[in-house]
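Notes to accompany the following structure.
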Amino acid sequence: MDASQSKLPAFTELSEVASIGSNGSILFATDDWFAPAEWMLKDTEPVFLPDAYTPFGKWMDGWETRRKRTPGHDWCLVELGAPTQVAGFMIDTAFFTGNYVPRISIQGGTLDGTIKRMLQSSIARDGDENMGTGRTTEELGMVELIGTDQWDVLLPRTELKPGYEQTRRHYFIVPRGKQSLVVNHLRVNMFPDGGIARLRAYGTVVRLNLNDSLAARKPIDMIAMLNGGRCTGFSNAHYGHPRNLIKPSKPTNMGDGWETARRLDRPPVLQVDGAGILQVPGSEWASFQLGVPDGCWIVCVCIDTIHFKGNFPDNVRVEYATKDERDVWISLLERRKLGPNQTHEFGAADLLPQEKAASLVRITIAPDGGLSRVRVFGTITKP
C-alpha cells in the first residue's frame, strides 16, 4: 500500500457507494441555487474556475444553497448505489472558503418503492438544470411528511472547516452501534446553509440473496461492488485504487481504474518466452471478497484495459481462495497475454477446473500497468 493511502482512515478501503460512478443519486434537495446537489456526487476531484459565473451567481463545483432567509435548514436525500452498512464518510469543502456549510449531520434509512416513485414524479431532478431552483412550501411540506428527519443518526451534528487545501477533507467514523444498520438512503443536513464540494460514503454492500432461485441458475458478476464484492488488499495503487475495477459504471478515463507505478525491478532489456509473455521478476496484485461468502463456481472472467493504451499490463493471471482457507490461493486462469484498450474474455474453456467454491479472487498483473474493470461471473449451484 502506498504511504499516501496508509494515512487515510481504514474505512476508506471499503466500498464507496454515494458517488455517481457507484450509482449514487440525489432524490430531493431543499435548494440548488448556486450549484445542484448532484454535483456533490461527482466522481472527479473538485475544481475552481475563478472567472466562471452563472445567472445565479458564482459557479462552484459542488452543492451550494443560497443564503437562507427563512426558518429551517437545508438538506437533501441521497440514494446509495446499493444497500450498505455504512462505516464512515468523507466530506470535502474544497474551494468553499467563505461559503462552506459550518455544520452538518447525516442520517440513514430506506425509502420504499412507492415513496421513491412519488418523489421522482412530483419533484423532477435533471442535474445541471436544477441550478437556480428551490423547493416550494408545498413541496417541502409533502417531503417532510415522509419523516426522514426521524432516521437513524449516522453522523451527529458536527462542525466543518473551510475548503483550503490543509482543511478541506473531513473524515468521520459512524458510531460502532450504527455500523450494522443496512441503509439505502442518506439524509444530509446542512446547518443552516452553504456549500459542500464532495460527499463520499464507505461501507459494506449487502446485496446478493443466496436463496434467490435466479441467482442459483444464472451466472452473476460475483465481484461487482453492487453485488457485495469488495477489495481486500493490493500491492500498489499509485495512480488509481483497485476498488475502481468493480464499479458498475463504464470507465471514463485512466484515472477511473487501477494503475500501479512502474516497477523498478524491470530488466534493462526485456525478453519474451515462446508465448510472447514478458520474462520479468516482479508483479502487482489486488484481492477481492466475492459477494457470496459461502462461495461460487466461476464460469467467466473479463479483464478490461479500456483507456490503457501505452500502460496496459503485459499479462494477467487469476487465482481463487475458499472461505475456510483464505490464504491458500488456487490457480484459476494461468498467465495470459493482454492487449491495449480492449476487453479480454476468458470463458470456461480458458479456466482451470475448479474443485472448490471460490469466496475470494486475486488478480495479478505483470510487470505493472493499469486495468479499468474486472468482471467475475459465477453461479452458486453445485459444480
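The values are calculated or read from the model by the stated rules, or taken from the named source; none is laboratory data. Predicted model, so just to flag it, every value in this text is computed and none were measured. As a convention, Cβ positions derive from the backbone with ideal geometry for all residues, glycine included, and neighbour counts pool all protein chains shown. Areas reflect the complete protein model, heavy atoms only, side chains present, ligands, DNA and RNA absent. Shrake-Rupley method; radii C 1.70, N 1.55, O 1.52, S 1.80 Å.
If you take the charge dipole of the range 7-49 about its Cα centre, with +1 on Lys and Arg Cβ and -1 on Asp and Glu Cβ, which of L41, A18, L8 is farthest toward its positive end?
About the Cα centre, the residue reaching furthest to the positive side is L8.
Can you order the peptides 228-234, 179-185 by their average number of other Cβ atoms within 10 Å per residue, highest first?
The packing order, highest mean first, is 228-234, 179-185.
Note down the accessible area of K42, probe 1.4 Å, to the nearest 10 Å².
Approximately 50 Å² of K42 is accessible to the 1.4 Å probe.
Of all accessible surface on the range 245-363 at a 1.4 Å probe, what whole percent is carbon and sulfur? Could the numbers behind the result be given before it?
Working: 2990 of 5940 Å².
Of all accessible area on the range 245-363, carbon and sulfur atoms account for 50 percent.
With point charges of +1 on the Cβ of Lys and Arg and -1 on the Cβ of Asp and Glu, referenced to the Cα centre of the chain, which listed residue (F56, P267, T252) lies farthest in the positive direction of the dipole?
Positive-most Cα among the choices belongs to P267.
Rank by packing, highest mean first: peptides 348-357, 82-91, with packing defined as the count of other Cβ atoms within 10 Å averaged across residues.
Most protected by this proxy first, the peptides run 82-91, 348-357.
Can you sort W39, W63 by solvent-accessible area, 1.4 Å probe, largest first?
Putting W39, W63 in descending order of accessible area: W39, W63.
What accessible area, in Å² to the nearest ten, does a 1.4 Å probe give for E144?
Spelled out: E144, probe radius 1.4 Å, area about 80 Å².
Can you give me the solvent accessible area of E138 with a 1.4 Å probe, rounded to the nearest 10 Å²?
Looks like 140 Å² after rounding.
Tell me, in nm to one decimal, what length is gained between V182 and Q120 on full extension, where the rule is 0.36 nm per residue of separation less the Cα-Cα distance?
On the way: separation 62, 0.36 × 62 = 22.32 nm, distance 2.26 nm.
Net length gain for the segment: 20.1 nm.
Tell me the label-point distance for the pair C300, D152, using the 7 Å Cα-to-Cβ offset, in nm and rounded to one decimal.
Once both label points are built, they end up 3.7 nm from each other.
Please report the spacing between the Cα centers of the range 293-318 and the range 91-157 in Å, no decimals.
Measuring centre to centre over Cα atoms gives 38 Å.
Diagonalise the Cα gyration tensor of the range 1-149 and give the resulting equivalent ellipsoid semi-axes, square root of 5 times each eigenvalue, largest first, whole Å.
For the range 1-149, the ellipsoid semi-axes come out as 25, 22, 14 Å.
Determine the order of H238, H344 by accessible area, beginning with the largest, at a probe radius of 1.4 Å.
H238, H344
How do Y164, Y320, Y239 stack up against each other in accessible area, from largest to smallest, with a 1.4 angstrom probe?
Ranked from most to least accessible, the order is Y239, Y164, Y320.
Answer with one residue from G276, F312, I363: the one whose Cα lies farthest towards the positive end of the charge dipole of the range 228-383, charges on Cβ with Lys, Arg +1 and Asp, Glu -1.
Projecting each Cα onto the dipole axis, the largest value belongs to F312.
Which FRET efficiency value, to the nearest 0.05, is calculated for E165 and D350 with the Förster distance at 51 angstrom and r the Cβ-Cβ distance?
Computed FRET efficiency for E165 and D350: 0.60.
Calculated FRET efficiency, N341 and F56, Cβ-Cβ r, R0 35 Å, to nearest 0.05?
That gives a FRET efficiency of 0.30.
Skip the ligands, DNA and RNA, and give the accessible area per residue of the chain with a 1.4 Å probe, whole Å². Mind dumping the intermediate values first?
On the way: 17570 Å² over 383 residues.
For the chain, the per-residue accessible area is 46 Å².
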